Structure formats: C-alpha cells, structure tokens
Amino acid sequence: MKSPTFYTHAAQDPDGLARELAAFVADHLKEALRERGQALLVVSGGSTPIPFFEALSAWPLDWSAVHVTLADERCVPELNEHSNARLVRQHLLRGQARSAQLHPLLHEALGEHPDQHTRQARAEAMLSTLPWPADVVVLGMGSDGHTASLFPHAPELAEALDPEGHRRCLAVSAPALPNVPVPRLTLTARALLDSRVIVVHTTGAGKRELLEQACQPGDTHPWPIRMVLLQDEVPCHLFHVD
C-alpha cells in the first residue's frame, strides 16, 4: 500500500472553516450533477457540522437531484433532540437546499421499538437504492477516536471494518458515556470508503492533537478513524481549525 496522502485545509475560525468546507462540498456536488445528473452526499451528526450545514444550504445547486444520507444514526424518534436526521432537516434542508432528498437510516414506520435486525435490514435496503459511490462523505471524530458510530473495541467493530464485508449498514450497541448511550445504526467501512472524496471535519486544539496521533501507523481498533486516515484508495481532506 502506498503512504496515505492528506490534503489539509485550515481557517482562522470555525465559521470560516465551515464556509470553506461548504464551498468544497458544493463544488463536488456541482461536478456530480453536471457529469451524472445526480449526487450523493453522506454527512455526520453532532454540533461541529451545524455551521457547515447552514453554509452549504445557501449554495444554489439543483438540490432536487442531490441525495443526502447519514454516516450513522441514534435509534431515537426523529423528533428527539439526539436524532441526526432531525439535525440535518433543521440545518441543511433549508433555504436553497430545502428540496434535497434526505434518506434517513431509521424508518419511522417501524415504530419506536423494532428489533435491531429489522432496523438494519430496512436501512440496508434503503442504502442499496442510492447512487453509489458517494460524491462526498463528511465525517467527524470523537474524543475517543471514533467516527460515524464505529467505537474503539466495540463488539461489532471487526465486522464493521472488514474490507471484505458485504454490509453497508450495521446495527451497533449503545456506546459508553460521554457518548449518547443509545443503540445506533452506522455505515460500515465498505460504505464509508465507497466515495469519490472523504472529508474529516474537526475543530479545537484537542482534536488536532488526537488527529496527529490517529495519523500515525497502527491498529485501527483503538482508533476507528484510522480506517479513513490510513488508506490510499480515496482522497482524504482534513478540515481543521483550533
């Protein structure tokens, strides 16, 4: 394997970084729309991407031809404050982007308490209808080195990271605090790396130090973000500001 190459992007403040990231993603979506007539964007939840979502929502694209799905989702109703689908609807599907097609991982018609196998199967079926490879996958990184809902040493992590795995989505158990302790659905390495471009979006000096550690060669299981950082198949862009 060749040495991984990172393309780094910086800004003076988080809002400036969010605007730069929005322009970067919009350019890739425009290229996809021009060349293929549709685009697929995979995004993450949390507080860090909110300014990015709001900046991206102002870009004048043919949003009706843009499919948006999630890198992971907490198994809560969409009206719950911890729902990533709710976050995306509130901060991205607005303004110019109000006509984008959001494909949540959780199927609300299943009710609040379906078994994890049913949730996973329904999400897998939905994902199979999307126009892969994704044009852009935007990920974050937790303070424990997780990305999406791929947590260090989780029981499901080996299956999720399996390069020969056939699943795009996996049901995973609730992580430990300080993460929101509810079961999740997460895209696997197969899906997250099935992209033309991957972005890792982080803010804060603490995250910069963690990124520097994660970029060092080593085992992926203690640092699931290494799945993205230590590969050479998909261009990886690091957007960071202290």
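Every read-out reported here was derived from the displayed coordinates using simple, explicitly stated rules and does not represent laboratory data. Quantities reported herein were computed from a predicted structural model and do not represent experimental measurements. FYI the Cβ positions are ideal-geometry reconstructions off the backbone, even for glycines, and counts take in every protein chain you see.
For the chain, what size does the Cα cloud have along each of its three principal axes, sorted from largest down, in whole Å?
Over the chain, Cα extents along the principal axes are 41, 41, 32 Å.
Within a Cβ distance under 10 Å of residue 195, other residues only, what is the Lys/Arg minus Asp/Glu net charge?
Values: positive: 196; negative: 135, 194, 233.
Neighbourhood net charge equals -2.
Sort 26-36, 209-219 for me by packing, meaning the mean count of neighbouring Cβ atoms within 10 Å per residue, highest on top. Before the final figure, lay out the partial values.
Numbers: 26-36: 15.7, 209-219: 13.5.
Ranking the peptides 26-36, 209-219 by packing returns 26-36, 209-219.
Give me the net charge for the shell around residue 171: Cβ to Cβ below 13 angstrom, other residues only, Lys and Arg +1, Asp and Glu -1.
Value of the local net charge: 0.
For residue 101 and residue 158, compute 0.36 nm times the residue count separating them, minus their Cα-Cα distance, and round to one decimal in nm. Walk me through the numbers on the way to the answer.
On the way: separation 57, 0.36 × 57 = 20.52 nm, distance 3.16 nm.
Roughly 17.4 nm would be gained on extension.
Nearest 500 deg cm²/dmol is fine: what mean residue ellipticity at 222 nm does the chain get from its DSSP H runs of n ≥ 4 alone, each adding -39,500 (n - 2.57), divided by its residue count?
The helix-only estimate for the chain comes to -8500 deg cm²/dmol at 222 nm.
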